[in-house]
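The values are calculated or read from the model by the stated rules, or taken from the named source; none is laboratory data. No experiment lies behind these values; they were computed from the predicted model shown. Note that we place each Cβ from the backbone using ideal geometry, even for glycine, and neighbour counts take in every protein chain shown.
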Amino acid sequence: MNSSDPIAVSTPGRICLFGEHQDYLGLPVIAAAISRRMYLTGVPRTDQQVVIQLPDLGQSESFSLIGPLAYVARRDYFRSAVNVVRREEGATFSRGVDVTVRGTIPINAGTSSSSALIVSWVNLLLQLADEPQTRSREAIAGIAHRAEVLEFGEPGGMMDHYATAVGDVIYLESEPAIQITHLRPALGTFVLGDSGEPKDTLGILKHVKFGMLDALKKIHAYQPTFDLTTAPLDSANDYRHLLTADELSLLRSNLSDRDILREALIVLDAPRIDDSRFGELLNRHQDNLREAKRISTPKIDRMLTAALQAGALGGKINGSGGGGCMFAYAPQNPEAVAAAIEQQGGQAYIITVDSGTRNESAAVLTA
């Protein structure tokens, strides 16, 4: 490749199949990359300016690569990625780049559009460095997590970065150390439904995350050996005298969701997918997310009900909740499921499991 040739990369969005709202508790998750992607095309410049065009949003941004980059926004991810790649990967940049960003991932809807953007940007930066660097998809995920979360001292997990960078279906353990198992189940089609409702991430986390962490503090003060990874589901009743009704409900749902994920791992690792069983497990997970964690909405509930009535085998809300997207597993007649979701006011997309971050043909993306 000529040093002035454009470089194009893309990264998928993701859905969380099992383990929603569990990664920050040290519990594993199962996530899948989806066939809606974020695309970045970079054309090297002769100076040290970075000029980024985001036509889907009607926005643009520019900055110089000279010297350390000061952040000018709360989540200044384009600059933070440059800083992290320079500081931790030893990359240098004597030339800037013109970047065009386009995407087909629903934005601010729980499908990891921001993480897909950062993973793509890190991938692009590594290739644009004065000495281009080759990193594994797992390594790119780690860099993106540091740039998006750790650089700004935020409390986010790692699922989004690893799910989008690595691609396909992964089982991710973050405690006591990051461990990824690549699953390759022959899953059929899904239908993603965007409710158009803005997510209430802060409100949801106040109840679901901090409510559960408060419950765990009370339990550990009473029984220091309690372990969320090994406690039987029926042991939740042992702590009812310590917890509020909401806290007890959260404890039960988290133990139940942990067990649902373990059942799902067996289904997904089998030589042949039991589609009906897989759908049933999604529905059980959604029951906990709706009833105990209360992260669903009436509109999303209607979209899920309509999808099931149209032939989907299961489904759940996706992401932090309070709005955003749901998805349904529809290996047969996904068009009918998509139509049913849209009759409830959602925007539907038929999707499949997709590969992780990758290089694309710049000629195609700039056409």
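The residue list Gly324, Gly315 contains one member that is small (Gly, Ala, Ser), under 27 Å from Met158 (Cα atoms) and modelled with pLDDT of 95 or more, which is Gly315.
Looking for something in a loop (DSSP other than H, G, I, E, B), of a type in the set (Val, Ile, Thr) and over 20 Å from Leu192 (Cβ atoms) - is there at least one such residue anywhere in region 9-19? No, that holds for no residue. On inspection, Glu197 fails the criterion of being outside the structural domain of Phe278 (by TED's automatic domain parsing) and touching a residue at least 24 places away in the same chain (Cβ under 8 Å).
In region 227-243, which residue that is free of Cβ contacts under 8 Å to residues at least 24 places away in the same chain and part of a loop (DSSP other than H, G, I, E, B) is farthest from Leu255 (Cα to Cα)? Top of the filtered list is His241.
Residues are listed down the side, and each one gets a yes or a no for (1) at pLDDT 95 or above; (2) assigned to a loop (DSSP other than H, G, I, E, B):
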site	(1), (2)
Ala31	yes, no
Tyr39	yes, no
Gly42	yes, no
Pro68	no, yes
Ser80	yes, no
Val85	yes, no
Ser114	no, no
Gln127	yes, no
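Among the listed residues Ala307, Ala348, Ala328, which satisfies the condition of being in contact (Cβ under 8 Å) with a residue 40 or more places away in the chain, crowded, with 20+ Cβ neighbours inside 10 Å and over 27 Å from Leu117 (Cβ atoms)? Of Ala307, Ala348, Ala328, the one residue that is in contact (Cβ under 8 Å) with a residue 40 or more places away in the chain, crowded, with 20+ Cβ neighbours inside 10 Å and over 27 Å from Leu117 (Cβ atoms) is Ala307.
Restricting Asp200, Asp269, Asp287 to residues that are closer than 19 Å to Leu27 by Cβ, modelled with pLDDT under 95 and not small (Gly, Ala, Ser) narrows the list to Asp269.
Within region 324-357, which residues are part of a loop (DSSP other than H, G, I, E, B) and under 30 Å from Thr41 (Cα atoms)? If you could, list the steps in order and put the result at the bottom.
As a first pass, look at region 324-357 and keep what is part of a loop (DSSP other than H, G, I, E, B): 324, 330-333, 344-346, 352, 354, 356-357.
Scanning region 324-357 gives Gly324, Thr352, Asp354, Gly356, Thr357.
Checked against the criterion of being in a helix (DSSP H, G or I) and within 18 Å of Ile7 (Cβ to Cβ), the candidates Ala147, Ala141, Ala165 yield just one match: Ala165.
Right, Ala338: among the small types (Gly, Ala, Ser) and over 21 Å from the mean Cα position of the chain (by Cα) or not? Answer is yes for this residue. One residue stands out among those in region 100-144 that are farther than 17 Å from Arg14 by Cβ and of a type in the set (Gly, Ala, Ser): the one that is surrounded by the most Cβ atoms within 10 Å (Cβ to Cβ), which is Ala129.
Counting residues in region 240-250 that are touching a helix residue (DSSP H, G or I) at 6+ places or on another chain (Cβ under 8 Å), of a type in the set (A, V, I, L, M), assigned by TED's automatic domain parsing to the domain that holds Phe327 and under 25 Å from Asp301 (Cβ atoms) gives one or more.
Just so you know, in region 206-262 the residues that are touching an Asp or Glu at 6+ places or on another chain (Cβ under 7 Å) and acidic (Asp, Glu) include one that is surrounded by the fewest Cβ atoms within 10 Å (Cβ to Cβ), and it is Asp214.
Of the residues Leu205, Leu187, Leu172, only one is part of a loop (DSSP other than H, G, I, E, B) and in contact with a Ser or Thr (Cβ under 9 Å, 6 or more places away or on another chain); which?
Leu187
Selection within region 35-49: residues that are touching a Ser or Thr at 6+ places or on another chain (Cβ under 7 Å) and buried (at least 19 other Cβ atoms within 10 Å of the Cβ). The member of this set that is farthest from Lys206 (Cα to Cα) is Thr41.
Reported count of residues in region 163-174, each being crowded, with 24+ Cβ neighbours inside 10 Å and at pLDDT below 95, is 0.
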